[in-house]
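A.B. asks: Quick one: the structure is below, and I'll ask about it shortly.
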Amino acid sequence: MSEVKQDPNATQNQDEKSNLLKNSSWFEREVPSVFVPEENKTKPTFTEPTIECPECHALVTVTAMSFNAYVCPQCDEHLRMSARDRLNWFFDQVNQELGQEFSAKDPLKFVDSKPYPKRMEEAQKKTGETEALLSMQGMLDDLPMVAVAFEFDFMGGSMGTVVGDRFVQAAEYALKHKQPMICFAASGGARMQEGMLSLMQMARTSAAIERLHNASIPYIVVMTNPVYGGVTASLAMLGDVHLSEPKAMIGFAGKRVIEQTVGERLEEPFQRAEYLLEHGAVDQIVHRHALRDTIYRIVSKLMNLP
């Protein structure tokens, strides 16, 4: 067997270290540290699910984002809110939910890559909602209001017959009880699976809004990201006042379709809320944190409230 040779320098270093420890007091001794791999030093750890900001890519916990009304605390980017979260955030007190008795049918037996009922089932499972529009009546401070909000994750917030039914019912409730109506719009347009029936909702909702106008009942539209198609061509552009969240995309046809039609490249901020504000299609861009107070002041002014 071969002998194991010891490094004389290593032995000398150990002896020097032992002598140093013996001669030094306890508070002068080196405290052993925990080794942290270099790749883990810059990665935060969370004990709950997180949301990544699409703008600055910061990771924020779901709880923190919810308390901040889904506005990124790092870069102030406005993230999408679900319709139910938005209405619960908007109202101080929700008195009732309207329109739950309406349910979608399949009158055209429409099938593209999958049957329409199958798409509806998947959307309901994904969002937990029965349709793309929620309608609630509640209180904002001391003022009763009716508010509707589009759920964009439900088939792109598309407007079908049930969306029209719920919107018209909400408008009739506001008309009957003389309460202002607020609409949080976020949609890709009419629902192609219902064909002409979905396009008819543009006329139905427009007629309901006209009745509110004739009765001098405020109808305020808040355009969130994005608002397109038949919703833009009807209920989203018929308000007494049009508000928008920052950087929201608003238009009728999509940017790519317009570029292909006119044969020109359209640069930013085309179809952004800031562009529409500059050209008079939007009255005011309001930060989400100031939205409740802004709506309250506008409605109070329109209704001559003290």
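The values are calculated or read from the model by the stated rules, or taken from the named source; none is laboratory data. Keep in mind it's a predicted model, so treat the numbers as computed, not measured. Note that we place each Cβ from the backbone using ideal geometry, even for glycine, and neighbour counts take in every protein chain shown.
A.B. asks: Could you list, in sequence order, the residues of the range 269-304 that are surrounded by 11 or more Cβ atoms within 10 Å (Cβ to Cβ) and in a loop (DSSP other than H, G, I, E, B)?
C.D. replies: Hits for the range 269-304 are PRO269, PHE270, GLN271, ALA281, VAL282, ASP283, VAL286, HIS287, MET303.
A.B. asks: Would you be able to tell me the number of residues in the range 68-84 that are under 18 Å from GLU52 (Cα atoms) and outside any loop (DSSP other than H, G, I, E, B)? Can you show your working first?
C.D. replies: Just the residues of the range 68-84 that are under 18 Å from GLU52 (Cα atoms), to begin with: 68-82.
Okay, now just the ones that are also outside any loop (DSSP other than H, G, I, E, B), so 71, 78.
Selection size over the range 68-84: 2.
A.B. asks: Among the residues of the range 180-218, write down those that are surrounded by fewer than 18 Cβ atoms within 10 Å (Cβ to Cβ) and either touching a Cys at 6+ places or on another chain (Cβ under 8 Å) or farther than 21 Å from SER158 by Cβ (or both).
C.D. replies: GLU210, ARG211, HIS213, ASN214, ALA215, SER216
A.B. asks: Among the candidates ARG265, ARG288, single out the residue that is more than 21 Å from the chain's Cα centre (by Cα), assigned by TED's automatic domain parsing to the domain that holds ALA171 and over 26 Å from SER206 (Cβ atoms).
C.D. replies: Numbers: ARG288 fails: more than 21 Å from the chain's Cα centre (by Cα).
Only one candidate qualifies: ARG265.
A.B. asks: While we're on this one: Quick one: ILE220 ticks every box in (1) at pLDDT 95 or above; (2) in a helix (DSSP H, G or I) bar one, so which box is it?
C.D. replies: If we test ILE220 against (1) at pLDDT 95 or above; (2) in a helix (DSSP H, G or I), just (2) comes out false.
A.B. asks: Does any residue of the range 259-268 turn out to be crowded, with 16+ Cβ neighbours inside 10 Å and either within 23 Å of LEU238 (Cβ to Cβ) or of a type in the set (Gly, Ala, Ser) (or both)? Reasoning before the result, please.
C.D. replies: Filtering the range 259-268 for residues crowded, with 16+ Cβ neighbours inside 10 Å gives none.
No, the range 259-268 has no match at all.
A.B. asks: For GLN137, which of the numbered conditions (1) over 18 Å from GLU101 (Cα atoms); (2) in contact (Cβ under 8 Å) with a residue 40 or more places away in the chain; (3) surrounded by fewer than 24 Cβ atoms within 10 Å (Cβ to Cβ) fails to hold?
C.D. replies: Answer for GLN137: the failing condition is (1).
A.B. asks: Just give me the residues in the range 273-284 being over 16 Å from MET237 (Cβ atoms) and touching a strand residue (DSSP E or B) at 6+ places or on another chain (Cβ under 8 Å), in sequence order. Break it down stepwise before answering.
C.D. replies: Applying the first criterion (over 16 Å from MET237 (Cβ atoms)) to the range 273-284 yields 274, 278.
Correct list: GLU274 only.
A.B. asks: Is there a residue in the range 45-67 that is out of contact with any strand residue (DSSP E or B) (no Cβ under 8 Å at 6 or more places or on another chain), of a type in the set (Val, Ile, Thr), surrounded by fewer than 18 Cβ atoms within 10 Å (Cβ to Cβ) and part of a loop (DSSP other than H, G, I, E, B)? Explain how you work it out, then say what you get.
C.D. replies: Kept after step one, since they are out of contact with any strand residue (DSSP E or B) (no Cβ under 8 Å at 6 or more places or on another chain), are these residues of the range 45-67: 45, 47, 54-57, 63-64, 66-67.
In the following step, the residues that additionally are of a type in the set (Val, Ile, Thr) were identified as 45, 47, 63.
Narrowing the set further to residues that are surrounded by fewer than 18 Cβ atoms within 10 Å (Cβ to Cβ) leaves 45, 47, 63.
Still in the running and part of a loop (DSSP other than H, G, I, E, B): 45, 47.
Yes, that holds for at least one residue.
A.B. asks: Identify all residues within the range 157-200 that are part of a helix (DSSP H, G or I), under 25 Å from GLU245 (Cα atoms) and in contact with a strand residue (DSSP E or B) (Cβ under 7 Å, 6 or more places away or on another chain); write none if there are none. Write out each step before concluding.
C.D. replies: Filtering the range 157-200 down to residues part of a helix (DSSP H, G or I) leaves 157, 161-177, 192-194, 196-200.
Within this subset, residues satisfying the condition of being under 25 Å from GLU245 (Cα atoms) are 157, 163-164, 166-168, 170-171, 174.
Selection gives GLY157, VAL163, ARG166, PHE167, ALA170, ALA171, ALA174.
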